[in-house]
Structure formats: C-alpha cells, structure tokens
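Participant: Shown below is the structure under consideration.
The values are calculated or read from the model by the stated rules, or taken from the named source; none is laboratory data. Quick caveat: nothing in here was measured; it's all calculated off a predicted structure. Glycine gets a Cβ as well: all are built from the backbone with ideal geometry, and neighbour counts include every protein chain shown. Remember, those area values only see protein heavy atoms, side chains included, never the ligands or the DNA or RNA. Shrake-Rupley method; radii C 1.70, N 1.55, O 1.52, S 1.80 Å.
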Amino acid sequence: MTKTMIAVDDLTKNYGKKEVLKGITEHVDQGQVIVVIGPSGSGKSTFLRCLNLLETPTSGTVSFEGQQLNGLAEKDLDQLREKMGGMVFQSFNLFANMNTLENVKLALMKVKGLSDAEADEIAKTQLAQVGMLEFANQFPDSLSGGQKQRVAIARALAMNPEVMLFDEPTSALDPEMVGEVLSVMKDLANNGMTMVVVTHEMGFAKSVADQIWFMADGYVQETGSPEAFFANPQTERAQDFLGKLLNV
Ligand code: ADP
Ligand code: MG
C-alpha cells in the first residue's frame, strides 16, 4: 500500500507583490523519487524551501504523513524539520574550521543532543556510506567539490530524515565530479529513500525518477513518468524547455 508522505494543497508563496508559487497541489509517496525540472526562476528552490518549512507558505497547506503543518507551534515544527529536513544545496555549506567528521557530528550533538561517542558512530557510518570515511580528518578546503557534496549528503543523512530534498546538488561541480555525487544519490534512491530532487541532469532524471514534475511560472505544469514526459511532453512550455536542452 502506498503511503503519502508529503502533500501540498494549493500552495502559494509571494515575496511582496511577486507571486512565485501560484497554487501547487501535488503529493509525494513514501519511497518515491520526484525529479523537479524547469527553467531558472520558475520557483523550484522556493518550492523545496516550502516543503522543508524553511519558508512559510503565503496560502495553502503542506502536510507531512497526514499531519497539517500550518499553524503548528515552533517546537513541533522543529521536530518535523528534522524528519523532513534532509536538505542538500548547490553550495555545500560545510564549516571550514571543522574537519569532515566534525561537520557531520555537529547537528547530531547540538540539535539531537547525542553524546560525542554516539555522534561519532553515526557520522562514521554515514561517511562510509558516501565513500568519505577515509577523509574524516580532512578539512573542507582540502576536498574536491564532489567530495564536499558527498560530505554534505552524509551530514543530512546522519539526522535520519524521512525525506531528502536536493536543490541542484551538482550544479556547482566540475563535470568530472558530477557522476560521483549522482551515484551516491542513486544508491539512496535504490535503498528506498523518499527524495525530491531539483536538477538539470536529465540522465539522472530519466534513470532514477519515478515521476518528473515540470515547473514553469510558479506552477507544476505537468507530471509524468520519465518515459512519458521525455518522449511526449504535453504542454508547450515543457516541449519548449526540452527543445532548448537538446539544442545546447
Ligand atoms: P528557481 O529555483 O526555479 O530558479 P526560485 O525559487 O529561486 O526559482 O525563484 C523564483 C522567483 O522568486 C525568482 O524570480 C526569484 O527572484 C524570486 N525569489 C526567490 N527567493 C526570493 C526572496 N527571498 N525574496 C524575493 N524574491 C525571491
Ligand atoms: Mg533554484
């Protein structure tokens, strides 16, 4: 039986007078991998931040495992942020003054209140999972972009989230490092992690996504299986977008 993990209903987000999200109604099932694609400025990052409660929607609702999040007290929201909060950004946001292991341990100790030994064990397990355990004592400056991003993924996973949200995780990487990060993400997907991934990596979208959501102008314009979407996009906006991609 499929269980709905995240549901958004008529979600809107304005910045001042600017309507960035204009009414999005979609849901993400447990274990599903959603790949969100669409032109720059279409609201993809804003949408992810609303899912993760980094932003408060202007109207509409976000529910997580059936619980509506609007109007929850801040301390309840904090707990939910942890569950939903596995967020990986384009920029890795690692602390330069801490080594790899310390970066992964930080939130486990400060936010989850784990002991040093408990945090150590979890952090090492997660670093091993992304192939970065041997770099545990190195500082971010000495790592490649792909390695930093793998540490950032380990840090997010260490918090044991039920959903991982990725916002263009490979866009800042040199081309030869994109593969190692996508491969970690693919492993996660194969292990059943629920994921929402904003990316321009169409190969990843085709091979890993259960569903493509195409965003433009603040709406999810169309959704579909990768096979259907790429072979036969329904909207003019999506046809136009894909046409431009193929022409570069
Ligand atoms: P995408 O990730 O698809 O490129 P974004 O969600 O980043 O799109 O941005 C969508 C629109 O919202 C853009 O026009 C952007 O300038 C605007 N926007 C995003 N964040 C803010 C903000 N904090 N304040 C004002 N405008 C914003
Ligand atoms: Mg963005």
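Participant: Tally time: how many residues in region 190-207 are open to solvent by 20 Å² or more (accessible area, probe 1.4 Å) and either over 12 Å from Val163 (Cα atoms) or within 13 Å of the chain's Cα centre (by Cα) (or both)? Before the answer, list the steps.
Facilitator: Filtering region 190-207 for residues open to solvent by 20 Å² or more (accessible area, probe 1.4 Å) gives 190-193, 200-203, 206-207.
Next, from what is left, pick out any that are either over 12 Å from Val163 (Cα atoms) or within 13 Å of the chain's Cα centre (by Cα) (or both): 190-191, 193, 200-203, 206-207.
Matching residues across region 190-207 total 9.
Participant: Now, a different point. Filter region 144-180 for residues that are outside any helix (DSSP H, G or I) and β-branched (Val, Ile, Thr); which is nearest to the chain's Cα centre (by Cα)?
Facilitator: My answer is Val163.
Participant: Quickly run through region 26-41 and pick out the residues that are closer than 13 Å to Gln221 by Cβ and assigned to a strand (DSSP E or B). If you could, list the steps in order and put the result at the bottom.
Facilitator: Of all residues in region 26-41, those closer than 13 Å to Gln221 by Cβ come to 26, 36-39.
Once the filter is applied, which keeps residues that are closer than 13 Å to Gln221 by Cβ and assigned to a strand (DSSP E or B), region 26-41 yields Glu26, Val36, Ile37.
Participant: Check whether at least one residue in region 123-143 is within 22 Å of Val62 (Cβ to Cβ) and assigned to a helix (DSSP H, G or I), and report yes or no.
Facilitator: no
Participant: Quick one: is Lys112 of a type in the set (D, E, K, R), in contact (Cβ under 8 Å) with a residue 12 or more places away in the chain and outside any loop (DSSP other than H, G, I, E, B)?
Facilitator: No; evaluated as a whole, the condition is false for this residue.
Participant: Considering only residues that are of a type in the set (D, E, K, R) and either part of a strand (DSSP E or B) or under 26 Å from Lys206 (Cβ atoms) (or both), which ones fall in region 4-25?
Facilitator: Scanning region 4-25 gives Asp9, Asp10, Lys13, Lys18, Glu19, Lys22.
Participant: When region 65-96 is examined, which residues are found to be free of Cβ contacts under 8 Å to residues at least 24 places away in the same chain and either over 24 Å from Leu188 (Cα atoms) or of a type in the set (Asp, Glu) (or both)? Spell out how you get there, then give the answer.
Facilitator: Here is the first cut: in region 65-96, the ones free of Cβ contacts under 8 Å to residues at least 24 places away in the same chain are 67-76, 78-79.
Within region 65-96, Gln67, Gln68, Leu69, Asn70, Gly71, Leu72, Ala73, Glu74, Lys75, Asp76, Asp78 meet the criteria.
Participant: Restricted to region 42-93, and to residues that are within 16 Å of ligand 1 (Cβ to nearest atom) and part of a helix (DSSP H, G or I), which residue is surrounded by the most Cβ atoms within 10 Å (Cβ to Cβ)?
Facilitator: Going through the qualifying residues, I end up with Phe47.
Participant: Would you tally the residues in region 14-41 being open to solvent by 10 Å² or more (accessible area, probe 1.4 Å), within 8 Å of ligand 1 (Cβ to nearest atom) and in contact (Cβ under 8 Å) with a residue 12 or more places away in the chain?
Facilitator: Looking only at that region, the number is 2.
Participant: Okay, next question. Can you name the helices (runs of 4 or more DSSP H) wholly within region 192-248 that have at least 2 residues being closer than 16 Å to Leu182 by Cβ and more than 16 Å from ligand 1 (Cβ to nearest atom)?
Facilitator: Per the criteria, 202-208.
Participant: On to the next question. Out of curiosity, is Val28 within 15 Å of the chain's Cα centre (by Cα), at pLDDT 90 or above and within 13 Å of ligand 2 (Cβ to nearest atom)?
Facilitator: Taking the combined requirement at face value, the residue does not satisfy it.
Participant: Among the numbered conditions (1) at pLDDT below 95; (2) away from ligand 2 (no atom under 13 Å from the Cβ), tell me where Arg49 comes up short.
Facilitator: The number of the failed condition is (2).
Participant: Counting only residues that are open to solvent by 30 Å² or more (accessible area, probe 1.4 Å) and within 16 Å of ligand 2 (Cβ to nearest atom), how many does region 169-189 have?
Facilitator: Count: 2.
Participant: A further question follows. Which of the residues that make up region 94-125 are basic (Lys, Arg), open to solvent by 30 Å² or more (accessible area, probe 1.4 Å) and over 21 Å from Val181 (Cβ atoms)?
Facilitator: Lys110, Lys112
Participant: Next up: Quick one: in region 208-234, which of the residues that are of a type in the set (D, E, K, R) and closer than 15 Å to Lys44 by Cβ is least open to solvent (accessible area, probe 1.4 Å)?
Facilitator: Checked region 208-234; the qualifying residue least open to solvent (accessible area, probe 1.4 Å) is Glu222.
Participant: Determine the pairs where a residue that is on the phi > 0 side of the Ramachandran plot, located within region 221-238, has a partner that is assigned to a helix (DSSP H, G or I) and surrounded by fewer than 15 Cβ atoms within 10 Å (Cβ to Cβ) with Cβ atoms under 9 Å apart, the partner being 6 or more residues away or on another chain.
Facilitator: If the second residue must be assigned to a helix (DSSP H, G or I) and surrounded by fewer than 15 Cβ atoms within 10 Å (Cβ to Cβ), no pairs are left.
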